[in-house]
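Below is one structure, written out as structure tokens; the observations come after it.
The values are calculated or read from the model by the stated rules, or taken from the named source; none is laboratory data. This structure is a prediction, so every number in the text was calculated from the model and none was measured. Neighbour counts are summed over all protein chains in view; Cβ atoms, including those assigned to glycine, are modelled from backbone coordinates with ideal geometry. In case anyone asks, the SASA skips ligands and DNA or RNA and just uses the protein heavy atoms, side chains included. Shrake-Rupley method; radii C 1.70, N 1.55, O 1.52, S 1.80 Å.
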Amino acid sequence: MIEDFPKNEMKFDERFRHEHNCLDYLFELRWPNGFICPTCDHSLYWKSARGLLVCRQCQKHVSITAGTIFHGAKKPLAYWFKALWWFSTRKSSVNALALQQALGLGSYHTAWCWLQKFRTCTIFPDRALLSGQVEADEFYLGGERSGKRGRGADHKCKVAVAVERQGKKLGRLRMQVIDDCSSAQLLPFAQKNIVPSSTISTDGWKGYNGLEKDFDHHRVLAAQAENKESVLPGVHLVISLVKRVILGTFQGRFDPDYLQRYLDEYVFRFNRRTCRVPGKRFWRIIQSAVASPPLTNCRLTPA
Ligand SMILES: [Zn+2]
């Protein structure tokens, strides 16, 4: 696919001022090689007065937004595009109040729903697995409780995390909400996210027993358990950053049902933190938005 996106906000504003600009862009994303009727594969169409594409062979009416997160949108597409630009180009995670204010949306609920939709567009089925040197660990969100290692505290949300180490620098990140810290949860997380034969460093927790089957597993044992933070510095840095963002963005209050989406958003931003072209992030997300069905079960969290 040709990389076609506005490089910066000025270009964005010039390009997507009207509904037809947005529709033309969505058309290009959906049918980069020209229209194909979803029913009969015919390539010729005419445009109806309501902006629908009508297949010249079978007369099927095709909406450009059908099967995308924009389907059935009540607000003009220019609003959606601007919101998507705003969402994809922020450096840090965002909340609904900030979006509502940035766009002057009348309803908090609308802003909240849009963000939930956008977050589902931050992961891509074709993303490359982590590789090389990887650090893996787990952490807890939702209320702190003192405990030896915290692994038995069942009331908290548990998250598996893996991050690449490239010398002293951090590479790409993956995070997933897990039911518990057993090998039944942690091993599939590693297999799903890391290239086989990569080197994985863990703190030697028993849930990681069995990693050596597919990976080069290093158990980095701390002399004392309290000194854990100095043992896997990369993954522990990430964990402290994520906790701070969840606390800062959502004041620590989040619905566990949506935690995976917040983590996905964080990973999207983290993995693109060195990208200097904001439009490229927008382009990545809108491609995903075009391939994502509309979200229908949008409900407001008590916050
Ligand atoms: Zn047709």
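Using the 2.2 N^0.38 Å rule of thumb for compact globular proteins, work out how the chain stacks up: its C-alpha Rg over that value, please.
That ratio works out to 1.14.
Ordering 52, 26 by accessible area with a probe of 1.4 Å, largest first, what comes out?
Details: 52 35, 26 0 Å².
In descending accessible area the options line up as 52, 26.
Mind grabbing the accessible area of residue 7 for me, 1.4 Å probe, Å², rounded to tens?
110
At a Cα cut-off below 15 Å, give the aspartates and glutamates reachable from residue 169, other chains included and same-chain residues fewer than 8 away excluded.
The qualifying aspartates and glutamates are 135.
Kindly sort 80, 86 by accessible area of their heavy atoms, largest first, with the probe set to 1.4 Å.
Result of the area sort, largest leading: 86, 80.
About the Cα centre, and with charges only on the beta carbon of Lys, Arg (+1) and Asp, Glu (-1), how big is the dipole of the chain? Nearest 20 debye, please.
Approximately 640 debye in magnitude.
Please give, to one decimal in nm, the separation of the simple spin-label points placed at residue 241 and residue 39, each 7 Å out from Cα toward the Cβ.
Once both label points are built, they end up 5.0 nm from each other.
Suppose the chain between residue 199 and residue 2 were pulled fully straight at 0.36 nm per residue; how much longer would it get relative to their current alpha carbon spacing?
Extending this stretch completely gives an extra 67.4 nm.
Sorting 61, 42, 236 by accessible area (1.4 Å probe), largest first, what list results?
Ranked from most to least accessible, the order is 61, 42, 236.
Measuring with a 1.4 Å probe in the full set of protein chains, what accessible area per residue, in whole Å², belongs to the chain?
Per residue, the chain has 52 Å² of solvent-accessible surface.
Quick one: helix 183-193 against the long Cα principal axis of the chain, what's the angle to the nearest 10°, folded into 0 to 90?
It is inclined by approximately 50 degrees.
Output the relative contact order of the chain, whole-number percent, from Cα pairs under 8 angstrom with separation of 6+ residues.
Relative contact order comes out at 23 percent.
Kindly provide the helix-only [θ] at 222 nm of the chain, computed as the sum of -39,500 (n - 2.57) over DSSP H runs of four or more divided by all residues, to the nearest 500 deg cm²/dmol?
-11000 deg cm²/dmol
Compare the Cα positions of 200, 274, 163 along the charge dipole of the chain (+1 at Cβ of Lys, Arg; -1 at Cβ of Asp, Glu; about the Cα centre) and return the one farthest towards the positive end.
The Cα lying farthest towards the positive end belongs to 274.
For residue 60, give me every one of the lysines with a C-alpha distance below 22 angstrom, ignoring sequence neighbours fewer than eight places off in its own chain.
Within reach: 47.
Using a probe of 1.4 angstrom, how much of the accessible area of the chain is carbon and sulfur, in percent? All intermediate terms of the calculation are to be shown ahead of the outcome.
Values: 8170 of 15760 Å².
C and S atoms contribute 52 percent here.
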